[in-house]
Every structure is written in C-alpha cells, then in structure tokens.
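First comes the structure, then the notes that go with it.
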Amino acid sequence: MREIVVEAQNIWKSYTAGAVTVDAVKNLSFALYKGELIVVLGPSGSGKSTFLNILGTLDRPTSGSVYFNKLNISQESDEQLSALRRRHIGFVFQFYNLIPTLTALENVEMIAAHSASPMPVEDALKRVNLWERRHHFPSELSGGEQQRVAIARAIVKKPELLLCDEPTGALDVATGVIVLQALEEVHHDFSISVMLITHNATIAHLADRVIRMSGGQILSIERNERHMLARDLSW
Amino acid sequence: MVSIYKLLLTKTFRDFTKLLGPSLTVSFVMAAGISCLIMARSNLSSLQTSQRLTYESLNFADALIPLSRLSRERIAGLAVIDGVRQADCRISLSGQVRLSKFEKQISARFHSMPRDGSLNRILLTDGRLPAPDSIHEAVLSDGFARAWGFSSGQQIEVFLQGKLIRLTISGLARSAEYVYQTGSATSIPDDKLFAIWWLQPRLLEQAGNLHSSCNEVLLKTGTERNLLKAESQLAARLQVAGYTQYLPRKRILSHYFLESELQQLRGMTVWIPTVFLAITAFLLNITMGRFLLTQREIIGTLRAFGFSYPLIAGQTILLALMAIFPGIVLGIFGGLWLAQEMFTIYVKFYRFAIVSYEPDWSSVTLSVAFCLFTALLGCLTGLRRILMESPAVSLIAAAPRHTKVSAIDSLPFLRHFSLIARMSIRNIARRPLQSLVTLLGLILSLVLLIFARFEQYAIEQMMQTEYALNQRQSHVLIYAQHLPESALPSVQSSLAGGFSEGSLALPVTVKSAHASRELTLIVRKDNEFLAAGENIPNRPLAKGGLTLSKSVAEALNLHPPAEIQLLTKIKQTKHSEQIVTALSENIMGTIASIPQQDYLRSFHESAAFNRILHKAERQTGINEKSIFLRQPLLTGLIEKEFERKAFEKTMAENIGIFQNFMIAFALLIAMGVLYNNARVQFAEREREFALLRALGFYEAEITLLFWSDFFILSIAAVPPGFYLGRELIDRLMHAIESEVFRIPVNLQPSSYIWAFAMLLVGVFTTAVLIQGNLRRIAFLSVLKARE
C-alpha cells in the first residue's frame, strides 16, 4: 500500500466579512501519496490556493482535519506548524518571494542553515543551472531565474512535500517551461511529493493525478493518462 | 450637494487617525523640546523676578560693614559721603537656640529690628512685630519656625553672648538678606539648624554692651562704582569704630549663593533648550517630509481628478498641523507644569519674601512658532517633491528599493557575518537617508543620556572630593577669633575622644597686576592629617609658596610661578608678596593655601588657629551642647555627615527633575526615530517577513531579523554618540562654570555603559510596541500580492 504524506478529511474553510460568510473550501477530502505529482486546476476563486495553504499549514481549516505523515496537525500551535514547515515542506510562490537583500546563494543558504540534513547549496543551485549567477541579488535576475532560485531554495532541505502556487503564472512560456523542467527533475530525482496549482490546463500533463476544483469543492480527481515531459509542453 | 471642502476635511480627519502613531511619536519629541525651553526660561524668569521684588521691596543693602562699636549718632555722617545714598546701622550678634528635644547645635543670628524705611527690612508672614517696649518679644525667621512647627506666641530659649534668654515669638518673617538661609558655619541651608531673630535693640544692646551704639552699618550705594568711590571716606570715618573691611552685596552669603545659582541657570537656559530645540527641529523636519510621502498616492489621485494645488496644499498642511498639534499642546502645558514644579523646588531653598511665578510667554510663542515653521518647512518640502512628479507617477506606489551588488559586498569582513547581519547591513545601505536619520536620532539620544548621567556623576564626584577626600574630619569647630596654638591642647581635651587638629582659615584678597579676588586662605601645617589634600586628584599642594584655585588663577591671568600680593584684614590690613607655585582644581569655592612657616614669616604672626578639625570616635560622637557650654568662643560646629546628607538631598531634588526630564527626552528621541523607521521598514519588508514565516521561521527569529538593523544602528551610534556627548558636556560645563563653581569633566566608563544600556531600554521598548505588527502579518495575502 502506498504511503500517504498529507491528507485532508472533510475540511471547510470559511471567511466572515461583516454579515457575509464565504466558504472558500467546502467539505474537501484528499490524500497525497509519497512521490506523487498532483496538479490542481481551477479558475480564480475556486479555492485551490486556500486548499494548498491548508495542506502547507499556512492556514487552518475552519473544520475538518489535516494529517501529515499520519499525524493530526489541525490543532498544532503556530510554533509547531513553523517547525513542521521548516523540516518537511517546501514552497514555490507565483511571485518568487526571494529575500531582496540576500544574493541567490544566500537565499538558498538561509534555508539550508535551518535544515536538519540539507543537500549542498551548490548542488541545489547547479540543479537549477544558476550556480554561475549565485552572487547576484534577486533584482539582478530575470523572473525565470528568480523562480529557479526559489525552487533551489525549496528543495535544498530535501522536503517531503513541495507546494507550488502558480509557479509559472508570472512567466512567459519559454521561461515557464524551464521552471517546470526544474520542478520535474527535482520531483523525479528526490521522489518529492509535489502539489502544483495552476489555472493553465496544459501543465496538467505533467501530473500523476489531476484535481479539478470549482466553488471550493473538488469536481473530479483523474489519473493523467497522457503524461508528458515539461520540455514538450507549450501554451 | 455635499461641499468639496467638507469632504476634504472629513478625509483629512480620517487620514489623521491612520497617522496617529507617527504623529504621537513626533509629538512627544516636540513636547519635550518645547517644554524644556518653557521650563528653563519660566523658572529662571520667576527666580529673577522674585529676587528683584524681594530686594526692592525690602530695601536690601548694597554693602554691610561689620564694626566693633559705632555710636548711633554718627550714622548720619555716613549718609553724606559721596556715593552713599542711604546709611543705617544695627546690632548683629551670634548665638544659639536651645531646644530640649534636639541634641544638635542650632546657630542663631540676632538683629536689631529694622525701622520703617531703613535698609534690610523684613516681611512679616505671620503674627506681628514686637511691641516697642517689649524686650523679650522677637520675630523669627519663618523657615526655622516652619521646620520646627513653631508659631506666634510660643517661647524659645536662646543663648545670647553666653546668657540663656527666653524669647516669645511675636511673628514670623522673611528677609532679603536670608533668601538662602544658611549660617556662617555651613554652606548648605538647613532650616532646622539656623535661626534668625529680629528684636527691639534694647536686649541686644545689653547683651553686646552696645548702649546707644551698633556694630553693623548697612549701606545703599546703587552701584558698585559708588561703593568704591565711598570706600576711603568710609574707612577713615569708621576707623575708630573698628573698621577693617566692607562686605559688598556679592559677598553676602545668601546673595552669593543665589547669584551663583542664577548664573548657572542662565547658562543652562541658553544652551540646553537650544540643543533640545535643534534636535526637535531636525526630527520634525525629517518626520514631516516622510509623513507627506504617506500621502503621495492620495495627492496623485487628487491631481488626476483636477484638484487645484492650493486645495491639495491646504489639506496637506492641515494634516501636518493636526499631526503636530498634540505635541504643541503637550509641550506648552508640560513646560508650564514642569516650570512650576521646578520653581516650587527652588523656592524651598531660596526663601524669597515675595514669590512670583511668571510663565515666560515669550518662550511659549517662540517655541510654538519655531515648531510650526519647522513642521511647515518639512511638509512643504515633501509636498514640492511630490508635486514635481507627474500625477501618473504619484498614483503608483513607490517600488521598494532594489539591492544590487555594491561596495559593501566587497568588504572582506562581510562574508564572516551571519546571514541576518548581512541582510541588515545591506538593508541599512539601501536606505541611506532613512538609516542616517535613525542613526542621528540614536546618536542624539546617547549624547543626552551621557549628559544626564554626567550630572549625577558630577554630584557623586563633588561628594567624594568635598566630603571624603578633602574633609576627613567628622566635625569642624569654628571660633570667633584666632586662638594661640598653646590653647589647642585644652580645647582638644574638651572634645573627649577622637583625633583633632587646629587649623587657620582667613579671608584674604589676592591681587595681581590688573585684578583682585577675595577668597579663603588655608594655612597648612607640615604634620596635618585630616586636612591633608594629597589624595585629591588635580590638587597638588606646593611645599613652598602659594597654591591657588585654578579658576582664580585664570581670572587673574596668572601662570605659575607668578608673583602676587596677598592682603589679610584681621584687626588691621597686612600685605605680603607671594609666589604662586601651584594651581589646584576646585569644584566648589575658591581657596588659596600656604605652608604655615611661609605665612608666619610673611605676616609676622605667631602660630594660631580658628578652626578645629575633629574626627570623632564612631561610637561616641561628640556632645555638641556641652562643647558649646564649655567653649564660649565657639561660634559654629559643622557635622560633616549631616552636611553631606543635606547636600545630597538638595542636589537630588534640584538635579533630579532635570535629569529625569533629560532621560525621558533622550528615550523619546530614540523611540521616536526607531518607531517611525520601524513602521516604514515594516511596510516595505512585510513580504520578506511573511515569506520567512511561510518557510518555517519562528516569530522570534523574524523579530531578531527585524530588529537587527536597529541594533546595528545602535552600535554604530556608540562612537559618535560618546564623542559628541563628551564634547557637549565640555562645552556646557565651560559655558556655566564660574570662579566658584567648576566641575571637571571626567567621565567614567560606567557613565558610557549606563547611557548605552538606557538606549537599549528604549530600543527594546519600541520593539515591544511594534511586535504586534509582526505577530499579525497576514502572510497569505502578502505572498499572493505582486511584488
């Protein structure tokens, strides 16, 4: 039987603004297996980012439970969740979110320094082909390069779970493909479980399974029958 | 239709509520600057007015001449001397008060009652004047009466010329002559230990054997020049009455201390508020400029919709005025309140007959105008910068500054620093102006903290020098006249236990080629122990020749070795040429000292003493009352420990309020610049902190990162802060020093450490204030937003 890395059971997430309550996620259940790459598709406001944030412990469900490595983390304290993210979870954001006052090398070093058994920083940066640009600050790198630094930063601690929120959303097609290639490689080489959310249906060809969301609910979970490599994608 | 002005006004008020934090921080700094000026000037002007009114209303004499005996009939002859406007005479005798419940010696001065229109009148604060035919009724100084709880009608026993007399208090009074109410034996006022009595002359005539005579002449001359003009004629006419010298007003103890205090206050009133207001102006200007930048996009929008420049400028200026309004109000009311508090403390020590608290409205107007001008200047400068941009540019939020590889990254030591330190250093470098302002604020804060600490240290230093090193005796006994050295053993034996030595101290005049000064000459014995000054830093004592206070030497333009003329006025005037061989640094008072053999040879005197320095045995102490009974020539007795405590208390009250004010101001500056900087930093770096939280960094780690910039700036503020602090103290001490009061600037490492520790308290307090913002980072929305 395959090992579950993270699992959501009947989670709801509601936001209240004055008299209005909006359910961003409704009664959602799902399990992500070790070494699996999942793509979550859905239009804006479908709840996919909220779903990812809850799985990544950046947000708490209003009700329901989240299990990480079979441990119920729904009631953990902020500090315990921080420790969990530090050890086990990597993030890649749409707008890169690099530290502007640290060079590419230092951005990765910063995470490596806080990890129990990180890979060499050089390996992480070479894997995304940025070793030569390691002494540049984020403002001196292109969008694609910044996102690849973000990937190096996410994988340097060898996370069990890599969560990518629209990683190509701010990039052109060519650059986006390069970033996806980098993600594909690290997923393959380190057997990291990856959840990638996007509104770009083409990217779903990378996935083992594809989740379609709308109105805060999962419409379908499908196994990807037409698996493609990142280099063959175009949109 | 709603008026556009009303809408803009509503908008401005709402904008103001959002800017309450920065407004309050700059307001506190402004309030401190304004209140400092108002406090200092109102206090000084109140003291000066009270002094003037007291002197004028009570007709305070310009000079006093102590005599042995002068027939009252001859006083009219003095009034016609050229330069003399009014001449009066009175009887003045010394004595003691005896209180059964109190063991210590209480000195007393008895004066014959001044007549209507005469000099040195008194002002009754309670009761009435003694009846003309009553010889045992007397008016008592109200300070002494209130200290002991005496009131009119009560009886008190006094020793007058060795006789025990019971006096009935007819009333209480104050005098211009005793504003600073201290006896001759001690320089520290203590209401419980010094009483002044005014009574009908008959009793004093009997006690002093002065029938139809007096022993003190009071003169009104108007100017010192008139006094000098009259001096020779006065000396000639009063020769037979025992004239040796006159005491100009400046040498009358009360006036001397009061003027010395006012001189210091005048110096401080100019310098310290200037420093405070300069700091306020600097911070206000910078803050208002930054304040305006928060309005940049709003101003861009208003311009895009075609609002006129005057309308935009009007609402911006209104916002700026609202921002500084709390500071102005707080500064004025705080300053007036502090001035009154300070003046209340002063009038405890300076007992003016007429107390007049006068708020200095010119300083209120000046400080408000100054702050308004500075704020408007900062505001209009910021506004001009925004209006120089096209509306399209102003509409877009200013992008955060980018970090690029710079010279800082090539510094070899940078790579040895932690990542957090590297981030902070680069962050400081990419906002040079903002960092510089924060740094300057921290430097100024340190400067003021060092100064505040120095005041306390200076007092400790005075105490150490004056009461521990300089005066190793426990008591000083002061005699009415010089006693021969041969009388010393019998006097010593009456002290029963402990160790004592005789000493001679006499008033002298030191004359150089162009100037002269009056001071006390200490005659030093070879084998002295209690008075030996070898332990005191900067006070070398020459083996031969005259040792002179440095401040006097500077005033006389003397550089040792230098020849001077020394005049003594005991019984008759004697003078001798002396060589000044060494200078000593005196904190309080001016003295000269000379080895005994040089003094005896130069003035053809025989060995004598007029003071006994006594170190009592710790357990037994000395019985003051019995000593006075056994030694009729004893006029004063000072217990050093008692005087030290009184001095400490006086200084603690006087300095305490100002020191606390300065510490508060320093911390406000530090917290003001840090808080404003922190808010800007937080706005610009929220994404960075949110990201780190998302990546698993703990809140404490983010806090450390956020505050590491400020700790680095605090460390960077240390060298210039310490240097400028020392410079400020040097300059201020130089500005307020006088010949009789000089504090050597000798800062200890502990002062610097204390100042830095206090600064860190300010840094931590601000950290706590801003911590809530870090805790509340909405990292999900921040991370989803475009950079």
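Laid out as a table, the results:
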read-out	value
Peptide-level mean, for A:100-107, of C-beta atoms on other protein chains within 10 Å	6
Label-point separation in nm, residue B:293 to residue B:264, each point 7 Å along Cα→Cβ	4.4
Cα-centred dipole magnitude for the stretch B:187-310, charges only on beta-carbon of K, R (+1) and D, E (-1), debye, nearest 20	400
Net charge dipole size for the stretch B:95-160 [Lys, Arg +1 and Asp, Glu -1 on Cβ; Debye, nearest 20]	200
Kyte-Doolittle mean at least -1.0 and Cα axial length at least 20 Å: DSSP H helices in chain B	B:4-18, B:20-57, B:253-293, B:309-349, B:361-388, B:432-463, B:640-694, B:699-736, B:749-775
For the protein assembly as shown, with +1 on Lys and Arg beta carbons and -1 on Asp and Glu, the positive-most of B:427, B:659, B:696 along the dipole	B:659
Dipole of chain A, positive direction: furthest Cα of A:155, A:31, A:52, with charges on the beta-carbon	A:31
Protection-proxy order for peptides A:116-129, B:23-36, each taking the mean of Cβ atoms within 10 Å per residue, highest first	B:23-36, A:116-129
Which listed pairs, of B:104/B:250; B:163/B:615; A:48/A:70, have C-alpha distances above 27 Å, in listed order	B:104/B:250; B:163/B:615
Cut-off under 5 Å, modelled amide H: who pairs with residue B:549 long-range	B:584, B:591
Extreme residue, positive dipole direction of chain B, given options B:328, B:523, B:195 (C-beta unit charges)	B:328
Value of [θ]222 nm, deg cm²/dmol, for chain B, DSSP H segments ≥ 4, -39500 (n - 2.57) each, nearest 500	-18000 deg cm²/dmol
Cysteines having no other Cys beta carbon under 4.7 Å from their own, within the protein assembly as shown	A:164, B:36, B:371, B:379
Per-peptide average of other Cβ atoms within 10 Å, ordering B:299-309, B:756-766 highest first	B:756-766, B:299-309
Largest-first principal axis extents of the Cα set of the stretch A:84-235 (Å)	43, 32, 28
Rough spin-label spacing in nm, given labels placed 7 Å along Cα→Cβ, for residue B:642 and residue B:146	2.2
Check: chain B dipole with +1 on Lys, Arg Cβ and -1 on Asp, Glu Cβ, in debye	1560
Ellipticity estimate at 222 nm from DSSP helix runs (n ≥ 4, -39,500 (n - 2.57)) divided over chain A, nearest 500	-8500 deg cm²/dmol
Area projected by the alpha carbon convex hull of the protein assembly as shown, averaged over all directions, nm²	57.1
Average beta carbon contacts from partner chains per residue of B:76-84, 10 Å cutoff	0
Residues residue B:764 and residue B:72, FRET efficiency given R0 of 56 Å [Cβ-Cβ distance, rounded to 0.05]	0.15
Shielding by partners - mean other protein chain Cβ count within 10 Å, residues of B:413-423	2
Partner aspartates and glutamates for residue B:511 [C-alpha distance under 14 Å; skip if fewer than 8 residues away on the same chain]	B:554, B:563, B:577
Directionally averaged shadow of the stretch A:151-235, computed from the convex hull of its alpha-carbon atoms, nm²	5.9
Label point distance in nm, residue B:700-residue B:3, each placed 7 Å from Cα along Cα→Cβ	5.8
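Only the coordinates and a few stated rules stand behind these numbers; no lab work does. Computed from a predicted structure; not experimentally measured. Cβ atoms come from the backbone with ideal geometry, glycine included; neighbour counts cover every protein chain shown.
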